[in-house]
Amino acid sequence: IINKCQSRGDRIINCETIVNSFILSNLVRKIEAIPPQRVDINLLYSLVKDIRLTDAFIQRYIEFSDRNFNRKLIFRTWSLTVYVISWKPGQESRMHHHGFALDAIRVVYGKMTHWLISPDEFDGYVPFEACRESDRKRYEGPSQTFVSGDIVMINSCQGHQIANLSNEDLVTLHYRFGLPPEDDNWRSTNDAEMFIWNQAEGCFDFILPSEGGWASIHR
């Protein structure tokens, strides 16, 4: 792949993107080889628990906002969406559920306060994530704190809540099987920093900063 890039002329070879592209494309191949109805929360955990994206790669998607938590897309296929969320102290995502999607959340750094909400603990209505943040209630039940390297799993239709209650920044990496988040907290990802696994062509696409356009490298 690097040789093919170099054969096209003098270009900056984004090795960080290439390495992490292979890591994630291997995950996509594994998950899409399984019938969707067989993918449950335990299987998703087994697939993502050993995924180790490089710190330099994740850093590209970290961007804090004073207004609210900041979500940036790494890539999306029909089955899997991978993204990073940056949380400043005091920021939170109030009580909600993700419909039938499954989620694995890895703490990159910082301390994440997390609530899992079951019908036995909450007898009210847990809204879908597409509801406005201002329309969601804050859950006040028992919570857990997770730190760098920890993984939290969210089952389909399971209520949960995230907050950064520490005095330091928090960054989380999310793997979602099913429909991607449907709220308004997406932030645009710089084209020079994003790649997309292209199922139809069996290749990964990434933008070279010097070009300002898509470049496809086929397997």
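Descriptive notes on the structure:
- Partner lysines for LYS137 [C-alpha distance under 21 Å; skip if fewer than 8 residues away on the same chain]: LYS88
- Counted by Cβ distance under 13 Å from ILE151, the other residues give a net charge of 0, where Lys and Arg count +1 and Asp and Glu count -1.
- Length released on extending from SER166 to GLU16, taking residue separation times 0.36 nm less the Cα-Cα span: 50.9 nm
- Accessible area (Å², 1.4 Å probe, nearest 10) - ASP50: 110
- Extension gain, PHE64-ILE23: 0.36 nm per intervening residue step, less the Cα-Cα distance, totals 12.2 nm.
- Modelled FRET efficiency - R0 22 Å, SER118 with THR77, Cβ distances, 0.05 increments: 0.15
The values are calculated or read from the model by the stated rules, or taken from the named source; none is laboratory data. Fair warning: this is a prediction, and the values are worked out from it, not measured in the lab. With ideal geometry, Cβ positions are generated from the backbone for all residues, glycine too; neighbour counts draw on all protein chains shown. The area values use the complete protein model at the heavy-atom level, side chains included, leaving out ligands, DNA and RNA. Shrake-Rupley method; radii C 1.70, N 1.55, O 1.52, S 1.80 Å.
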